[in-house]
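Working notes, beginning with the structure itself.
The values are calculated or read from the model by the stated rules, or taken from the named source; none is laboratory data. A quick note: this is a predicted structure, and the numbers were derived from the prediction, not measured. Cβ placement follows ideal geometry from the backbone for every residue including glycine, while neighbour counts extend to all protein chains displayed. Protein only, heavy atoms only, side chains kept; ligands, DNA and RNA dropped before computing areas. Shrake-Rupley method; radii C 1.70, N 1.55, O 1.52, S 1.80 Å.
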Amino acid sequence: IDWKGAKYLVKAMKDVVIACPKTKLLIVGDGPEKSELEKMTSKLRLTNMVYFIGEIKSTDVVKYYSAADVFIIPSIVVDGHTEGLGVVTLEAMACGTPVIGSNVGGIPDVIKDGYNGFLVPERSSNELAIKIIELLLDKELQLNFQQNGLVTVKEKFTWDIVGNKFEKIF
């Protein structure tokens, strides 16, 4: 859907593949934006780099997160709608995958810029490309984001911790 911001990620790939030619983008999921994204991918001559996986079984989600060098959530605000907490970001972090996300909605509640991932301004394909390239080229940064992402999940988002927060509220 539009507020997932996938078109900005596809546009960013034009620059990413220049700096990192072996990069492949897998877009997982399905929705009303898919055909437009496929047209954009073709127009930008990225059909050999951008793959539309479609909907996957919940049992396969961990395989995709674990196989990825980076997980990107380029959400935007559309008519007041955007990403809530960004649970997929937590899932990726829990799998040890470095993350990049837009600085909208609940994403900044999970990603601390420069500590456990990168935050970028929404709708900025250029800034998104810069951060993707930086992360892909810096193995030490990837490792730091992996480790700090795991710490974030364990210290702030386990069921026990979230449950205790709800209990205190009630």
Legend entry - Among the candidates Ile53, Ile72, residue that is within 15 Å of Thr97 (Cβ to Cβ) and aliphatic (A, V, I, L, M): Ile72
Inset, instruction - Return yes or no: is Thr152 open to solvent by less than 60 Å² (accessible area, probe 1.4 Å) and assigned to a loop (DSSP other than H, G, I, E, B)? - result: no
Legend entry - Flag for Glu167 being in contact with a strand residue (DSSP E or B) (Cβ under 7 Å, 6 or more places away or on another chain), outside any loop (DSSP other than H, G, I, E, B) and farther than 26 Å from Ile56 by Cα: no
Inset, instruction - Considering (1) over 26 Å from Gln142 (Cα atoms); (2) open to solvent by less than 40 Å² (accessible area, probe 1.4 Å), say which one Val50 fails and leave the rest. - result: (1)
Inset, instruction - Give the range 123-135 a look and list any residue that's open to solvent by 30 Å² or more (accessible area, probe 1.4 Å) and either among the aliphatic types (A, V, I, L, M) or out of contact with any helix residue (DSSP H, G or I) (no Cβ under 8 Å at 6 or more places or on another chain) (or both), or say none. - result: Glu127, Ile130, Lys131, Ile133
Inset, instruction - Please specify each residue of the range 1-37 satisfying the condition of being free of Cβ contacts under 8 Å to residues at least 24 places away in the same chain and closer than 24 Å to Asp79 by Cα. - result: Lys34, Ser35
Inset, instruction - Report whether or not Gly117 is crowded, with 16+ Cβ neighbours inside 10 Å, touching a Leu at 6+ places or on another chain (Cβ under 7 Å), touching a residue at least 24 places away in the same chain (Cβ under 8 Å) and not charged (D, E, K, R). - result: no
